[in-house]
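Input: a single structure, listed below in structure tokens.
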DNA sequence: TTGACCGGCTTACGGCGTAAGTCTACCTGC
DNA sequence: GCAGGTAGACTTACGCCGTAAGCCGGTCAA
């Protein structure tokens, strides 16, 4: 009893528990030890508290995860208001990419559940706003933003599955070569060999695919196809 | 003892255990009861067997999941060899979309681990082949395929988070309106209202964003930008 | 002074993946 | 026809997980 009281007093590092503190520590923990090693118990221990105490501030582990995702969304810079739509959305995408690389565990979580935290909503709102202001219809703007965001997410996800340092990158490709007999997978083999030789590294550059999409959108806007088009989507889900 | 023997004899529905049978049943079970309700135990029971018996044919649960993903990949039609690259890749993407809708749990799993099953490799090889034959450099073909596949995956993921039937779709959007005060999220609110009113349904059509990407690629190819470009990527990961 | 409540804590439950070891039916070579 | 090996099932058990249920001390308003 007395012990419990004393222990409670010497809770490490700062003040009372709160959703924000819990989420922030969870993010840090996932960054350091990987998302699949994040349990309510390990998180609680890290906060100098028992697991069940977390449930005073968080309804669920899912709720916690939602918070973590929104925390990452909060690190994405909002597009500059004054810039033209194209560089604005480009910057928005690159910033998102950086945030996702900083928190590799976040990428696969993003589409998994509907993410309707404040930060995510602000992120979506800002993107939508730039596009609508630029002259896209709401429905086209929605589709356009999806195209951009899907590219960023997909690319980053792929990138994160491979070691980032070029040396290791090539080595990993090397390791997979035996799985790619040239007679069954001629083109894939060919590509893999180029990577293994260190001659290329296709995952070093988000911006290529991004510009492909942005250029397509710009042309669409210029040619006037951006005003009509049948159907838009609700994009709260991201 | 005798009981165990008898039980083993009346294992339901057909022959001996095998990796293929296990994976197939796992896919069916995930389809029916959801991926997060698939455990080694429930799967084993479904197969009339004990959990640990599965490990004679599967090294891990992760290994099982890899098998499931590859099973889904096997349902994607390979692009027609004789068709021109654009309709070929369009069909490939649509077929992938259908497979992912058929097995909603598969979508979030796809990028999570490196997927190097035979079916997935064949899927990637086929796409790469069409693009290279069409005149794209290897590196450009890789980027192009990524752009296409990322769009399909991202779009499908979003789509699966919303109820498919238009009635429910609009209702769900309706439910989220309170979270979107017009003063903070004017554009998003606007969009959501259009969806809630039933006037629009932006998630009914993969092909729009897809054509955006394909058109962009076609233009790139026509303008000659498809031959150079610095760096390709190894795309075994999907 | 008292009593409600907030935010910690403890205990316990059922389920998970899987390591380790056992048993039996079958195949193979003599 | 029999010995020995093997493959593929089974049993048991461990340590982890998320979280339901309830307890208990400290704080603060009435």
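The values are calculated or read from the model by the stated rules, or taken from the named source; none is laboratory data. Just so it is clear, the structure is predicted and the values come from calculations on it, not from any experiment. As a convention, Cβ positions derive from the backbone with ideal geometry for all residues, glycine included, and neighbour counts pool all protein chains shown.
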Subject >> Test set (1) farther than 23 Å from residue A:181 by Cβ; (2) surrounded by fewer than 24 Cβ atoms within 10 Å (Cβ to Cβ) - residue B:119 fails condition number >> reply: (1)
**OP:** Being within 10 Å of another protein chain (Cβ to nearest Cβ) and touching a helix residue (DSSP H, G or I) at 6+ places or on another chain (Cβ under 7 Å) is the filter; apply it to the range A:134-144 and report the residue that is surrounded by the fewest Cβ atoms within 10 Å (Cβ to Cβ).
**Re:** A:138
Original post:
Of the conditions (1) on the phi < 0 side of the Ramachandran plot; (2) more than 9 Å from every other protein chain (Cβ to nearest Cβ); (3) over 20 Å from the mean Cα position of the chain (by Cα), residue B:92 fails just one. Which one is it?
Top reply: (3)
**OP:** Taking residue A:155 as the residue in question, decide whether it is under 27 Å from residue B:123 (Cα atoms), in a loop (DSSP other than H, G, I, E, B) and modelled with pLDDT under 95.
**Re:** no
Original post:
Is it fair to say residue A:100 is away from DNA strand C (no atom under 16 Å from the Cβ) and surrounded by fewer than 19 Cβ atoms within 10 Å (Cβ to Cβ)?
Top reply: no
**OP:** Identify all residues within the range B:206-227 that are more than 11 Å from chain A (Cβ to nearest Cβ) and modelled with pLDDT under 85; write none if there are none.
**Re:** B:224, B:227
Original post:
Given the conditions (1) more than 9 Å from chain A (Cβ to nearest Cβ); (2) assigned to a helix (DSSP H, G or I); (3) surrounded by fewer than 19 Cβ atoms within 10 Å (Cβ to Cβ), and given that residue B:148 satisfies all but one, which numbered condition is not satisfied?
Top reply: (3)
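Condition test on residue B:69, is it in contact with a helix residue (DSSP H, G or I) (Cβ under 7 Å, 6 or more places away or on another chain) and not assigned by TED's automatic domain parsing to the domain that holds residue B:217? Lay out the reasoning, then the answer.
Values: in contact with a helix residue (DSSP H, G or I) (Cβ under 7 Å, 6 or more places away or on another chain): yes; not assigned by TED's automatic domain parsing to the domain that holds residue B:217: yes.
Answer is yes for this residue.
Can we say residue B:87 is in a helix (DSSP H, G or I), under 11 Å from the mean Cα position of the chain (by Cα) and modelled with pLDDT of 95 or more?
Numbers: in a helix (DSSP H, G or I): yes; under 11 Å from the mean Cα position of the chain (by Cα): no; modelled with pLDDT of 95 or more: yes.
It is false that residue B:87 is in a helix (DSSP H, G or I), under 11 Å from the mean Cα position of the chain (by Cα) and modelled with pLDDT of 95 or more.
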Original post:
Assuming residue B:8 fulfils every condition listed in (1) part of a helix (DSSP H, G or I); (2) modelled with pLDDT of 95 or more apart from one, which condition is it?
Top reply: (2)
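With respect to residue A:2, determine if the residue is away from every other protein chain (no Cβ under 14 Å), at pLDDT below 95 and within 13 Å of DNA strand C (Cβ to nearest atom).
On the way: away from every other protein chain (no Cβ under 14 Å): yes; at pLDDT below 95: yes; within 13 Å of DNA strand C (Cβ to nearest atom): yes.
Judged against the criteria, residue A:2 is a match.
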Subject >> Qualifying residues in the range A:66-84 (those that are in a helix (DSSP H, G or I) and either within 14 Å of another protein chain (Cβ to nearest Cβ) or under 21 Å from residue A:131 (Cβ atoms) (or both)) - the one farthest from DNA strand D (Cβ to nearest atom) >> reply: A:73
Original post:
Do we have residue A:126 as free of Cβ contacts under 8 Å to residues at least 40 places away in the same chain and either in a helix (DSSP H, G or I) or within 19 Å of residue B:153 (Cα to Cα) (or both) here?
Top reply: no
Original post:
Of the residues B:63, B:31, which is in a helix (DSSP H, G or I), touching a residue at least 12 places away in the same chain (Cβ under 8 Å) and either away from chain A (no Cβ under 14 Å) or within 13 Å of DNA strand C (Cβ to nearest atom) (or both)?
Top reply: B:31
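Every residue, every condition in (1) in contact with a strand residue (DSSP E or B) (Cβ under 9 Å, 6 or more places away or on another chain); (2) more than 12 Å from DNA strand D (Cβ to nearest atom); (3) outside any helix (DSSP H, G or I), yes or no:
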position	(1), (2), (3)
B:25	no, yes, no
B:36	no, no, no
B:44	no, no, no
B:48	no, no, yes
B:52	no, no, no
B:55	no, no, no
B:59	no, yes, yes
Original post:
For the range A:11-28, what are the residues that are over 20 Å from residue A:70 (Cβ atoms) and either modelled with pLDDT of 95 or more or away from DNA strand C (no atom under 12 Å from the Cβ) (or both)?
Top reply: A:13
